[in-house]
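For reference, the structure discussed in these notes is given below.
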Amino acid sequence: MSQQDPMGASTGPKLSGMQKQVLGLYRGFLRAARTKSAADRRQIESIVSAEFHRNAKLVDRKSFLYIEYLLRRGKKQLEQLKSPDTVGLSYQNLDASQPKKP
């Protein structure tokens, strides 16, 4: 359990810049999901959670170029999701294009 300073901020392990970007992107998706209908929100949250957990397990943490690519792709998807005309997300399995771990 991480400790907190008197102001409520976590004093746990420091996150790298890239980790902060990934966490920020995840939170952005959850915030955007809140603007959609209840059913769409549940679907979006499920897809986003599954994608982030899948990539956390499959992508090598030292594969910086691939992580940066995923961040760029995620930011584009988030911008699309923020559009009032967009009601949900679709899931596409791209395992074939993913680099293999050594």
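The values are calculated or read from the model by the stated rules, or taken from the named source; none is laboratory data. Bear in mind that the values here come from a model prediction, so they are computed numbers and not experimental data. A quick note on method: Cβ atoms are made from the backbone with ideal geometry, for glycine too, and the neighbour counts reach across all protein chains shown.
I need a count of the residues in segment 72-83 that are in contact with a Ser or Thr (Cβ under 8 Å, 6 or more places away or on another chain) and within 12 Å of Lys36 (Cβ to Cβ). Here the count works out to 1.
Can you tell me which of Leu58, Leu65, Leu81 is more than 10 Å from the chain's Cα centre (by Cα), surrounded by fewer than 10 Cβ atoms within 10 Å (Cβ to Cβ), modelled with pLDDT of 90 or more and not small (Gly, Ala, Ser)?
Numbers: Leu58 fails: surrounded by fewer than 10 Cβ atoms within 10 Å (Cβ to Cβ); Leu81 fails: surrounded by fewer than 10 Cβ atoms within 10 Å (Cβ to Cβ).
Step by step, each of Leu58, Leu65, Leu81 is checked, and only Leu65 is more than 10 Å from the chain's Cα centre (by Cα), surrounded by fewer than 10 Cβ atoms within 10 Å (Cβ to Cβ), modelled with pLDDT of 90 or more and not small (Gly, Ala, Ser).
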